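Contents: one structure, followed by commentary.
Please treat every number below as a calculation from the coordinates, not as lab data. Note that the structure is a prediction, hence the values are computed from the model and not measured. Because the Cβ atoms are built from the backbone with ideal geometry, glycine has one as well, and the counts that use them run over all protein chains shown.
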Amino acid sequence: MIEGNNDLNIQTWLEEHGDYLFSYALLRVKDTHLAEDLVQETLLAAITAKNTFSNQSTIRTWLIGILKHKLVDQFRRQGREVGIGDLIDQDEGDNLDNFFNTNGRWIDTPDTFTNPDLAFQQKEFWKVFQQCLSGLKPKQVEVFLAKEIHGMSNEDICKDFALSPTNVWVLMHRARLSLNKCLKINWID
């Protein structure tokens, strides 16, 4: 344990936060082994950076922040293909322990949609949205997903992608315009 910081007991991180981190990663990458690797990378990075923890958030929030960066790096390594499941983000405030067991499976199966037509429309929308995303330039997709899906701040995007704030703004603007045009053509009209 680090002196002066009673919350920073690294021996308990895996036990206290490992299942939550695993579920968080598994929801995004849909691969058990990859999710385990990302959790390991997150914990190693946290141990390395433990002296930078400033107690301005909980350990879990800090670890999730590190995991988000690891996920962005993973998506960047994977190339430019984005799965629909990667587009759906979950608030950090949700307690995933209430929904998933330790192997990432649902504890209780979610209720089925009461309106199959609406469910079909939602599924079709995400297919069209995926197609529209694939029409963007790779850097636009990366920045758009980092900002709009993963909730990264402009400052973090600038740092992680080595871009200026103006460049981020231009990439987001062009991505939104292209997505708007594509969705109007392929979904709205």
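Between Ala45 and Asn154, take the C-beta separation as r, use R0 = 22 Å, and let me know the FRET efficiency to the nearest 0.05.
Efficiency at R0 = 22 Å is approximately 0.50.
So which of Lys30/Lys137; Lys123/Lys159; Lys159/Lys184; Lys68/Lys127 end up more than 27 Å apart by C-alpha?
Long pairs (Cα-Cα over 27 Å): Lys123/Lys159; Lys159/Lys184.
If eta is 1.567 mPa s and T is 4 °C, what Stokes-Einstein diffusion coefficient results for the stretch 147-189, Kirkwood Rh from Cα pairs, in µm²/s?
Translational D for this selection: 114 µm²/s.
Long-range amide H contacts for Met152: which residues qualify at under 5 Å (H placed 1.01 Å from N, peptide plane, sequence gap of 5 or more or a different chain)?
Amide H neighbours of Met152, under 5 Å, 5+ apart: Lys147.
Sort 165-178, 61-74 by the packing proxy (mean of other Cβ within 10 Å over each peptide's residues), most packed first.
Output ranking for 165-178, 61-74: 61-74, 165-178.
Starting from the Cα of Ile10, step 7 Å along the direction of its Cβ; do the same at Ser57; then give the gap between the two resulting points in nm.
2.0 nm
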